[in-house]
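Report on the structure given below.
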Amino acid sequence: MTVNNIDMPEASQSEDYDLLAYEAKRVVDQVLTQSFVHMSDTINDNNENNHQRERFIELENDQSQTKIQEESVVKWPTIEEFTNTNIGLEKINEYIDKQWKTSPGGQDPCWLYIIDFIEKKSLEFNDLYIYRVQYSIPTRRQPIPKQTVSIYFTFDASKVKPKNAPIQVSFVFETMRLIHYPDKFRFRQTLAQSEDYDLLAYEAKRVVDQVLTQSFVHMSDTITDNNENNPHRERFIELENDQSQTKIQEESIVKWPTIEEFTNTNIGLEKINEYIDKQWKTSPSGQDPCWLYVIDFIEKKSLEFNDLYMYRVQYSIPTRRQPIPKQTVSIYFTFDVSKVKPRNTPIQVSFVFETMRLIHYPDKFRFRQVWLENILLMKEKLANELNF
């Protein structure tokens, strides 16, 4: 099996967007609560020194930890110093030794790796040097592992910047879309944490910093006004989505069946079809008419306290030239029918997109067609890159 014409993927709207919005909103609400409590204390003290001001909020990671994460120990070469591809091999090896092997959640000694130079891409304003780091776990029984994990490094050597400018280095993990940079990356051996963890942490921290700045400004204005009504209080912070939009997102128009009403699997097929028609096709970023889908019942799993009914919604884009598409996108719905809850309790419905781990719920979900497109493009790229 060989890999040809590797296109480095770009970061798009991640699967964890809803999780990011939820977490950021939770943090913002918490900070706002603390800010109003602190503001009230400050006003009552009549501008006296408030010892609690210094501990207004404590972030999870202190400045020393942040500094370690943001400053790389490896000195990457400048454009002038990058004279041959072996320098890239040496620097990547040095980066792995100094950063990944020594980090708290770092690389286990059982992992072995090999670094290869793959290709050079000459563009108009820069040259891209692409390297591959292949990880595997050889054992005595299996000295040549069947499966490997690849990480693709890109050295971006500009043709227009000064010769003493450092080369921009980035990398991606195979099957993932997020582009990482060595000086803003914390290595994790486990894939249990989402690939967008660093992006989530960065965005949440940015939102919190912005809210803190606004809260201090607002607090200062309130103290100056000496408890007078401040017209700016009502616009302390504006969230991206107002209450009406949030209400639309959180309330589903589809009435899901109760345990008593769910008498056969056809009811699940009908309800999923109704949900797609009323919610996904009518949403602002909703489903394009060119997408066609079919819904199938897959299986029933009987557990001790509930029955799980599995359905699959298969999306594709058939055309005149290719009426039977090569690639499809599957979404798996689960109807959780409890055996112990009252019979008039609604069934819990959830679903996941293939290749994704995040579990969605119909009443807390905003459909985005770009997810279907991303999965389809990823499958097409994988099929084109594999030669048997």
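The values are calculated or read from the model by the stated rules, or taken from the named source; none is laboratory data. Worth saying up front: this structure is predicted, and the values here are computed from it rather than measured. Ligands, DNA and RNA are stripped out before the accessible areas are found, and what is left, the full protein with its side chains, is counted by its heavy atoms. Shrake-Rupley method; radii C 1.70, N 1.55, O 1.52, S 1.80 Å.
For 118, 347, give me the order by solvent-accessible area with a 1.4 Å probe, most accessible first, ignoring ligands, DNA and RNA. Spell out each step's value before the answer.
Numbers: 118 60, 347 10 Å².
The residues order as 118, 347, largest area first.
Leaving ligands, DNA and RNA out of it, work out the accessible area of residue 309 with a 1.4 Å probe and give it in Å² to the nearest 10.
30
At a 1.4 Å probe radius, carbon and sulfur cover how many percent of the accessible area of region 253-386?
Working: 4050 of 7710 Å².
C and S fraction of accessible area: 52 percent.
Take the solvent-accessible surface of the protein heavy atoms, probe 1.4 Å, and return the percent of it on region 85-189 that carbon and sulfur atoms account for.
Working: 3220 of 6120 Å².
Carbon and sulfur together cover 53 percent of it.
Can you give the log10 of the normalised intensity I(q)/I(0) at q = 0.12, 0.17 Å⁻¹, computed with Debye over equal Cα scatterers of region 246-354?
Values, matching the q order: -0.48, -0.89.
Could you put 366, 343 in order of accessible surface area, largest first, with the 1.4 Å probe and the full protein assembly present?
So, going from the largest accessible area down, we get 343, 366.
Taking each pair of different alpha-carbon atoms in region 85-189 once, compute 1/r for the pair, average those values, and report the inverse of that mean as the Kirkwood hydrodynamic radius in Å to one decimal. Before the final figure, lay out the partial values.
Numbers: mean 1/r = 0.0664 Å⁻¹.
Hydrodynamic radius (Kirkwood, Cα pairs) of region 85-189 is 15.1 Å.
Pairs 184/281; 301/341; 91/121; 91/381; 271/364: which are spaced more than 27 Å apart, C-alpha to C-alpha?
Numbers: 184/281 39 Å; 301/341 18 Å; 91/121 19 Å; 91/381 29 Å; 271/364 17 Å.
Violating the 27 Å Cα-Cα cut-off are 184/281; 91/381.
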